[in-house]
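Have a look at the structure below, then the notes.
The values are calculated or read from the model by the stated rules, or taken from the named source; none is laboratory data. Everything quoted here is computed from the prediction, not taken from an experiment. Backbone-built Cβ (ideal geometry, glycine too); neighbour counts: all protein chains shown.
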Amino acid sequence: MTSVPGLRVQLSTPENELFEGVCTDLDSNQKELVALVAFAPEHAPAIALGDRARLAFLGGGLVSSIDAEGTTVLRTDDPVQRCYSFQLGQMPKTLLLLLANRRGATRLAARGGVRLHVLDLPRELLPGVRLHDISASGLSILVEPALEKALLAQVHIRLSLALPGERPFEVTTAIRHRRIFRSQVLYGLELDGRAPDFLRSQERFLSFLAMLR
């Protein structure tokens, strides 16, 4: 996901209630765009997952506001904010251009042949997971719903990665976000700098990334 400083969001519910928040992250692929929007807890909407809301994006380098309809796919609450992830129906091209300009060329889409395994799983579980994309700071993976249930309590994941003909190596990652992605769950993972032997794992990971380019 990519931060877009200064990007504000005005949300309108089906009952015409108005709320203002801040778009803290955007994520996209060829078929969808997801916006993460944070609201102050004292004036935050209450929207059920799967419901829709009208969104207007302002600021953040945009010349004019952009209107879109979003479906809620994730909600988080803490003492300082309430956040929603909205899957945008028709991807506004101006938002995609803004996202492309912000995220740079360091994030790579998955390619065939990458072997990826989640370690420390119960033996009876199938490994239903595949690489979605990867960057110098981490990666995102697609997880089958049955495996997501087994990972509910986890905040870290150990992974084994390898290219065809190469020996696998292990990395420890912290789960930064998870959300619905079509029939699967998308995990955003960051390399865990507190893990034992982090520097060696990071070196192997960056070498792996270089081979994918």
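Of the set (1) within 28 Å of Ile141 (Cα to Cα); (2) at pLDDT 90 or above; (3) over 14 Å from the mean Cα position of the chain (by Cα), all apply to Phe19 but (1).
Checking every residue in the range 102-111 against the condition of being in a strand (DSSP E or B), surrounded by 14 or more Cβ atoms within 10 Å (Cβ to Cβ) and at pLDDT 80 or above gives zero matches. Of Gln184, Gln154, which residue is surrounded by fewer than 16 Cβ atoms within 10 Å (Cβ to Cβ), within 26 Å of Arg75 (Cα to Cα) and not β-branched (Val, Ile, Thr)? One residue alone meets the criteria, Gln154.
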